[in-house]
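Below: one structure, written as structure tokens.
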Amino acid sequence: MVTNKKLNPTDAPAGERFFQALRDLHDAELLRQLDVGITELTAAVMETGGKGHLTLKVAVSKLGKERQVGVKPTLSRSIPQEETRLRLLYADEQGRFCVDDPAQGVFDFDAPRKVTVS
């Protein structure tokens, strides 16, 4: 049976419970990862002009019949990358990339030429 019990409001500042929970998880390692993540994301957005995101997912599950809970945070991010240019290449029969079309004949411009003088 699920009951909706509301937590008693407190005079605590907004976000205090949330940030205390983040500090308690893995000796604040999650907060350090968030700091690094937001810094890298912001720098990449400023450099590339692209968009990105930083997502924190906190899974909470009840363990046993007492008040124990399992808390598993997951941090994911999408950092914009500089756009790479398209390059035209050819593929040979073995699947290797080639600068020149392997099906086209090759001219030997460095071959010696016979010169006739009249």
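We did not get these values from a lab; they are worked out from the coordinates using the rules stated. What you see is a predicted model, and the numbers here were worked out from it, not measured in a lab. Ideal geometry is used to build each Cβ from the backbone, glycine not excepted, and the neighbour counts take in all protein chains shown.
Observations on the structure shown:
- Considered as a group, the residues in segment 101-118 that are surrounded by fewer than 10 Cβ atoms within 10 Å (Cβ to Cβ) and charged (D, E, K, R) include one that is nearest to the chain's Cα centre (by Cα), and that residue is Asp108.
- Selection from segment 66-80 of residues that are aliphatic (A, V, I, L, M), more than 14 Å from Ala21 (Cα to Cα) and in a strand (DSSP E or B): Leu75
- Considering only residues in segment 60-88 that are touching a helix residue (DSSP H, G or I) at 6+ places or on another chain (Cβ under 9 Å) and of a type in the set (Val, Ile, Thr), the one that is surrounded by the most Cβ atoms within 10 Å (Cβ to Cβ) turns out to be Ile79.
- Count of segment 68-118 residues which are under 30 Å from Glu29 (Cβ atoms), without any contact (Cβ under 8 Å) to a residue 24 or more places away in the chain and either touching an Asp or Glu at 6+ places or on another chain (Cβ under 6 Å) or basic (Lys, Arg) (or both): 1
- Selected residue (criterion: nearest to the chain's Cα centre (by Cα)) from residues of segment 29-44 that are within 16 Å of Lys57 (Cα to Cα) and without any contact (Cβ under 8 Å) to a residue 40 or more places away in the chain: Ile38
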